[in-house]
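Encoded as C-alpha cells, the structure appears first; notes follow it.
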Amino acid sequence: MSHPHPELSAPAPLKKGGLRITPLGGLGEVGRNMTVFEYDGRLLVVDCGVLFPEENHPGVDLILPDFDSIRDRLDDIEALVLTHGHEDHIGATPYLLRERGDIPLVGSELTLALLGSKLREHRLKETVHHQVREGDRVSFGPFDLEFVAVNHSIPDALAVAIRTGAGLVLHTGDFKMDQLPLDGRITDLRAFARLGDEGVDLFMTDSTNAEVPGFTTSEKDIAPVLDRVFHQSDQRLIVACFASHIHRVQQVLDAAVAHKRKVAYVGRSMVRNMGVAKELGYLKVPPGVLVDAKELANLAPEKQVLISTGSQGEPMSALSRIAQRNHNFVHIEEGDTVVLASSLIPGNENAVYRVINGLARWGANVVHKGNALVHVSGHASAGELLYCYNIVKPRNVLPIHGEIRHMRANAELARATGVPADRVVMAEDGIVVDLVKGRARVAGKVDCGYVFVDGSSVGDITETSLKDRRILGEEGFISVIVVIDSVTGKVSGGPEIHARGFAESDATFDAVKPAIVDALDKLLADRVDDTHQLQQSIRRVVGRWVSNTHRRRPMIIPVVIEA
C-alpha cells in the first residue's frame, strides 16, 4: 500500500498521456467532497460539497474546499459532475460558480433540481446544465463520461466512469448495495462488471462504511420500526432527518397516513427540498396528509407529525431551537416523541447528545439509532466493498470519501481481494495522484486548506482567528487601559482592567495593578516610550499573574494612551 509522504513537494508537470487526480476535499473527512481530474491540459471536476463545522470552529457556518490550486485555471474546466444531491457533494457549487459562472453542470434530474433551488437562493443565474441518467455516455473535451446507477440515501445517485487516453477510472460517488430499495433502483452491478471486463485502471471507492463488517441493512427494515413508534406514541411526533433524505420522509408520510396523522415540514431547507422532490415525482405525497406547520397546532397532539431538520445537532436548526424551547411555534411537551432518523457524522456526537438531553429535559421520549433501528446508512459496508472489488477487478485503487481510518480499512479490503499492495494508493486532501501507463502513484502535493464561511464572508476567517475565538470562548478576555503622562513620563491614569469569562468581578484584578505600574515605571525610567513595547510589558505581567492565580490563558488586550 503506497502512503503519501508528509513532506511532499509540488508535483512535477504531468507526463504526456497521463491523468492527474487531485482531491481537494473528502479524503480525510466526511464531507467537502471535490476531486479534480486533469488530462491533456483540461480539467474535469467531480463534486463540490461543503463540510459542516464542529465545536472547534466557533462562528463558522460552512467549510468549503480550497479552490486556490485551480483558481488560475478555471477556464480549463470542461464540466462539473455532481454524483448526487447531498450538501457534502453539491453545497459548495455556488461558491465555485461565483468565480466562473458558466461552468457546465452535469448531474441527474433530482441532483440538478436541488442544486437549482440552491443557486436561486444564492441569487446566481442558472448556468448551462446537462441532465444525465444511468446508461448515458457524454463527452466534455477529452473526458468521455458514462453514468451508472447507484443506490444511496437519496434518489437518483450516479457513479461515473471517466475514459481518457490514460485509461478508465470508475468513481463510485457515495453508494451502497441495498437489494430492496424503496424506489426499486439498485446499484447496477452488471455495469460495474462490464466496466471491469473492459479494464478499470483506477477504482475510486466510497470508504465511509469500510470498517463496518457485512452488508448495510435495507431501508425497508425501518418501516416496521417506524410503525411501532407511531403506534406507541399517544402525543405529538417529531422526526428529524437530513433535509435531502427523501426516502425517510416518504416512510414517515406513509406511516402518518396509516395512523391517521397530519404532517408538516419544519425548516426552510426541508420545505424547499421536499417541494422539489414532490414536483419531480421522487416523493409521493398522499392527498390530505400535508399541512402548513402553523396549522398543525390546531390539531390534537396525537394527530400531529413534524418532519424537521437538525438531526446532527446543528445549533441554528429547527430541532436545536425546539430543544432549547425557543422555536417560534413548536413547543416540546411532556410525552412527545422525537425520532432522530440519521447517523452520527463523526465530530457531531457532542452536539447531537446535547440536543437529545435538551429534549429529554422537557419530558420527550427520544428514539435514535442507539436505541432503535430508525436509520440505516447510505454507504456500502465491508461485504459490499469486497463484492465490488471482486467484480470490478481494478488495476489500481484509490480509497475516497471518509476519515483516514475509513480509507485505511477500505485499502485493506482491496488488498485482501488481490489488488497488489503497491497499487493501492492512500491519499489525503491535496495529495496529487498520477495515472501513467496503467500505474497510479503519488506525484506530489498542492496547498489545500479549509476555507471558512462566516455569514457573508468567505475565506476571511483564518486558523489564527479561529484560535483567537477558541481562546475567547474557553479562556476569557482581559482589557487593560493605562494612561501615560507624556511630560512627566509616568503612569497618570489606570491601570483600568475589565474582564470577560471570569466569574470574579473586575476588582479581583486589583492585586496585579501595582505590578503593571512598576513594570511600566521601570521601562519609562529607561526612556522606553515605544507604545508596542509598553503594551507587551503589560501583556507579560498580566499573563503571568493570571496563569499563576487562575490557571488560565486569556486573550489580553493592553491599551496605552499618551496624554
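No lab work stands behind these numbers, since they all come straight from the coordinates. This is a predicted model, so every value here is computed, not measured. A quick note on method: Cβ atoms are made from the backbone with ideal geometry, for glycine too, and the neighbour counts reach across all protein chains shown.
General remarks:
- Cα gyration tensor shape of the range 373-437, rounded if a/c is under 1.5, else prolate or oblate by comparing a/b with b/c: oblate
- Take the Cα of T508, step 7 Å toward its Cβ, do the same at V285, and the gap between the two points is 5.4 nm.
- 5 angstrom amide H check on G335, placed H, neighbours 5+ away: A364, N365
- Ranked list, fewest to most other Cβ atoms within 10 Å of each Cβ, for L189, L115, L520: L189, L520, L115
- Take the chain and mark each of the GluC sites (Glu not before Pro) that is in a DSSP loop with at most 10 other Cβ atoms within 10 Å; the longest unmarked stretch, sites excluded, is 8-333.
- Candidate cross-link partners of K513 among the lysines, defined by an alpha-carbon separation under 17 Å and a same-chain spacing of 8 or more, comprise K490, K522.
- Taking every DSSP helix (H) stretch of at least 4 residues in the chain, weighting each as -39,500 (n - 2.57) and dividing the sum by the residue count yields a mean residue ellipticity at 222 nm of -8500 deg cm²/dmol.
- Whether the range 95-145 is rounded, prolate or oblate, judged on the alpha carbon gyration tensor where a/c under 1.5 counts as rounded: oblate
- The range 351-401 versus the range 257-284: alpha-carbon centroid distance in Å: 23
- Global geometry of the range 243-330, whether rounded, prolate or oblate, following the gyration tensor of its Cα atoms and the 1.5 cut on a/c: oblate
- Counting other Cβ atoms within 10 Å as a rough exposure proxy, the listed residues D530, D68, D206 run D530, D68, D206 from fewest neighbours to most.
- Compactness of the chain was expressed as the Cα radius of gyration divided by 2.2 N^0.38 Å, which yields 1.14.
- Long-range amide H partners of I307 with built H, under 5 Å: V239, A264, Y265, V266
- Summarising the strand pairing of the range 101-224, around 75 percent of its internal DSSP beta bridges are antiparallel.
- Among beta bridges that DSSP assigns inside the chain, antiparallel share in %, nearest 5: 55
- Sparsely packed trypsin sites (Lys or Arg not before Pro) within the range 273-335, loop by DSSP, other Cβ within 10 Å at most 15: K284, R325
- Restricting the trypsin sites (Lys or Arg not before Pro) of the range 123-200 to loop positions (DSSP other than H, G, I, E, B) with no more than 10 neighbouring Cβ atoms within 10 Å leaves R123, K125.
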